[in-house]
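The values are calculated or read from the model by the stated rules, or taken from the named source; none is laboratory data. What you are looking at is a predicted structure, and each value in this text was computed from that prediction instead of being measured. Here the Cβ positions follow ideal geometry from the backbone for every residue, glycine too, while neighbour counts run over all protein chains shown. Surface accessibility is based on the protein's heavy atoms, side chains included, excluding ligands, DNA and RNA. Shrake-Rupley method; radii C 1.70, N 1.55, O 1.52, S 1.80 Å.
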Amino acid sequence: MPVATAPARAESRPLVPLAILGLALLALAPTFLVEGYRLFQLTLAVIYAVAILGLNIVTGYNGQISLGHGAFYAVGAYATAIMMASFGMPYWATLPIAALICAGLGYAIGFPALRLGGLYLALTTFALAVAVPQILKYHAFEEWTGGVQGVFIAKPDAPFGLPLNADQWLYLFTTVIAVAIFLLSWNLLRSRIGRAMMAIRDQPIAAEAMGMDIARLKTRTFAVSAMITGIAGALSAIAVEFVSPDSFSVMLSITLFVGMVVGGIASILGAVFGGLFVVFVPNLAEEISKAAPGVIYGVILILFLFILPTGFAGFLRRLAGPLLRRWRDGATTNQDGR
Amino acid sequence: MAHDAAAGGPVAAAVAALLEVSDIVVRFGGVTAVAGVSFAVDQHQICGLIGPNGAGKTTLFNCISGIYRPTEGEIRFEGETITGAPRHRMMGFGIGRTFQNLALFRSLSVRDNVLAGAHCLGHAGFMASALRLPRARREAAEAEARLHHLLGLLDLEAVAEVPVASLPFGTQKRVELARALISGPKLLLLDEPAGGLNHGEVDGLAALLQDIRRQFSLSILLVEHHMNLVMRVSDKVVALDFGKKIADGTPDEVRSEPEVIRAYLGEAPHDRAA
């Protein structure tokens, strides 16, 4: 009786958005509980989480390996900084424009990406990450980019006379946008489009036989991914109050990649953990050894991947899986018993 | 039911053929894999495509499903030419397929695999899906309803949330069948559905194919090595050998065709290859 089980599943669904709402409240709490530099670090972690989510959509969900997402982050950051510094735009109004610019760039790069599979695509995007800081230094653009000096922008104050200091407002603003992006991504990845992304990653020939237009889906996925990472970059410019070519070195792209793997490939929640990891673990490493933080970071990373090979999200899933199953079975039996 | 007559045999020939394959030639370099084959599949018909290894069955099958483009000839579906149409359009025409060596989305659950088959029914794009606009929700709910019907029919309810890669082979084959059926195709292309199944499972498959044909009122084109299954379920059998059609008729007619017996038992020395 397939009809009898259908409502049970449908009814178990609203709990998921409810859980997300709970997490959203949890994310907003630090505005009032954490202060100063720690709050700034948390803001950065939220921003990295968004950037990693963007990377995860194209690499984790769609299987197009990008080692150059730092480039989109940089473009987003510069777009916002230039619009604020040279055109006097308010910080919030620059975000949609920066998003569109990065989406367009991602879409354009999505086309050559169609012809390059796997490691070749990884190397090509890596080349992009190598090239971008130098392009930003190029003297013809100096009037806007400030060349090697970069661009300084002012930190926004809380609007409407809200009783928040600049750090608190920045955290709140960033987190609200991040939560919105995570919710929209959650919807997208659980829709027919998200399913098609994963189907193309797993088995492109069958995906095509199921009526999926691979070229169209892959280029658009690249665009969405670049857009999300670009928004993160734009938020970072506002948070750091400064952009310069050297803040967007190749290392940034690698950092995003590390965050994605550590958090969990093809996991939305994993991106949050990835963001926290790439901000706080290097700090922790520095506290342990001032002389060789890189070594400590490396050791922590290796230990982490050794203990949690499927990332933090995989670990959570393994923990929660049996519990969730028991709960779901319970829900189904209750439904049938009615 | 309404088409009980069709189930009895090639009676439905009065209606225009659903699939018409005319003079298909496929050459790979200097090798001619298919050398001018024509046949038709009628509405509600189960058509078996048989032949020894290398006879050109799979090549022909791949032409119909759009994987290969024939060198010459034409394929018509519901009277319209589909030769050379992009692969991702086939499902939209109403042609669903399964794969010989299984091509499931390995990391996805049974549920998501089957729902992926409904992709061509939906229209919601990135924006509508991210915002969960009413249209996206409506489409998702419709796909969900079809999903539940198919999971019930193919006995997959208990494993709906299980990643498909961890299931036994026979179950994976049923998932593939569900994935091909969810969009409601008019023609189902099955590439060796009995391959790798045990005796009991083949019996079950024969009954299942008849049942599917009745419930979904579709036609089936079956490429199969398992002679017993083909002869049992097909209304019509087309036999190929060395890229040419050697027989076309009811299972009984084809079984007694001397050319077919020769191709399978190798009575005469094969000097025709030259």
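How about the range A:67-103: which of its residues are surrounded by 15 or more Cβ atoms within 10 Å (Cβ to Cβ) and of a type outside the set (A, V, I, L, M)? Passing the criteria: A:GLY68, A:HIS69, A:GLY70, A:PHE72, A:TYR73, A:GLY76, A:TYR78, A:THR80, A:TYR91, A:THR94, A:CYS102.
Quick one: is A:LEU123 open to solvent by 70 Å² or more (accessible area, probe 1.4 Å) and under 30 Å from A:ARG201 (Cα atoms)?
Judged against the criteria, A:LEU123 is a match.
Only a single criterion out of (1) at pLDDT 90 or above; (2) in a helix (DSSP H, G or I) is not satisfied by A:SER66, namely (2). Scanning the range A:24-51 for residues that are surrounded by 13 or more Cβ atoms within 10 Å (Cβ to Cβ), hydrophobic (A, V, I, L, M, F, W, C) and at pLDDT below 80 yields A:ALA24, A:VAL34.
I'd like the full set of residues that are crowded, with 22+ Cβ neighbours inside 10 Å, of a type in the set (Gly, Ala, Ser) and more than 14 Å from every other protein chain (Cβ to nearest Cβ), limited to the range A:158-199. Residue satisfying the conditions is A:ALA178 alone.
The condition (being in a helix (DSSP H, G or I), among the aliphatic types (A, V, I, L, M) and open to solvent by less than 40 Å² (accessible area, probe 1.4 Å)) is satisfied by just one residue among B:ALA158, B:ALA143: B:ALA143. Scanning the range B:146-155 for residues that are within 9 Å of chain A (Cβ to nearest Cβ) and either among the polar types (S, T, N, Q) or open to solvent by 80 Å² or more (accessible area, probe 1.4 Å) (or both) turns up just one, B:HIS149.
Residue-wise test of (1) under 20 Å from B:VAL26 (Cβ atoms); (2) within 14 Å of chain A (Cβ to nearest Cβ); (3) surrounded by fewer than 21 Cβ atoms within 10 Å (Cβ to Cβ).
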residue	(1), (2), (3)
B:HIS44	no, no, no
B:LEU60	yes, no, no
B:ILE64	yes, yes, no
B:THR81	yes, no, yes
B:PHE99	yes, yes, yes
B:ARG106	no, yes, yes
B:SER109	no, yes, yes
B:SER129	no, yes, no
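Inside the range A:203-247, can you point out the residues that are of a type in the set (Phe, Trp, Tyr) and open to solvent by 10 Å² or more (accessible area, probe 1.4 Å)? Listed by number, the list holds a single entry, A:PHE242. If you go through the range B:111-124 and keep only what is modelled with pLDDT of 90 or more, within 7 Å of chain A (Cβ to nearest Cβ) and either over 23 Å from A:ARG220 (Cα atoms) or open to solvent by 20 Å² or more (accessible area, probe 1.4 Å) (or both), you end up with just B:ASP112. Name every residue in the range A:283-312 that is crowded, with 16+ Cβ neighbours inside 10 Å and either in a helix (DSSP H, G or I) or touching a helix residue (DSSP H, G or I) at 6+ places or on another chain (Cβ under 6 Å) (or both), in order of residue number. Of everything in the range A:283-312, those that are crowded, with 16+ Cβ neighbours inside 10 Å and either in a helix (DSSP H, G or I) or touching a helix residue (DSSP H, G or I) at 6+ places or on another chain (Cβ under 6 Å) (or both) turn out to be A:ALA285, A:PRO293, A:ILE296, A:TYR297, A:ILE300, A:LEU301, A:PHE304, A:LEU308, A:GLY311, A:PHE312.
Residues that are open to solvent by 30 Å² or more (accessible area, probe 1.4 Å) and of a type in the set (Val, Ile, Thr) were ranked within the range B:24-42; the one that is nearest to B:THR81 (Cα to Cα) is B:THR32. Looking only at the range B:83-97, residues that are within 9 Å of chain A (Cβ to nearest Cβ) and either among the small types (Gly, Ala, Ser) or surrounded by fewer than 22 Cβ atoms within 10 Å (Cβ to Cβ) (or both) come to 6 in all.
If the condition is being more than 8 Å from chain A (Cβ to nearest Cβ) and either in a loop (DSSP other than H, G, I, E, B) or at positive phi (or both), then the range B:131-140 contributes only B:LEU133. Filtered by the rule that a residue be within 7 Å of another protein chain (Cβ to nearest Cβ) and either within 15 Å of B:ALA118 (Cβ to Cβ) or in a helix (DSSP H, G or I) (or both), the range A:200-212 gives A:ASP202, A:ILE205, A:ALA206, A:GLU208, A:ALA209, A:MET210, A:GLY211, A:MET212.
Yes/no matrix, rows are residues, columns are (1) without any contact (Cβ under 8 Å) to a residue 60 or more places away in the chain; (2) not hydrophobic (A, V, I, L, M, F, W, C):
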residue: B:ILE50; (1), (2): no, no
residue: B:ILE64; (1), (2): no, no
residue: B:GLY79; (1), (2): no, yes
residue: B:HIS88; (1), (2): yes, yes
residue: B:MET91; (1), (2): no, no
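The set of residues from the range B:198-214 being in contact with a helix residue (DSSP H, G or I) (Cβ under 6 Å, 6 or more places away or on another chain) and either in a loop (DSSP other than H, G, I, E, B) or buried (at least 19 other Cβ atoms within 10 Å of the Cβ) (or both) comprises just one member, B:LEU209.
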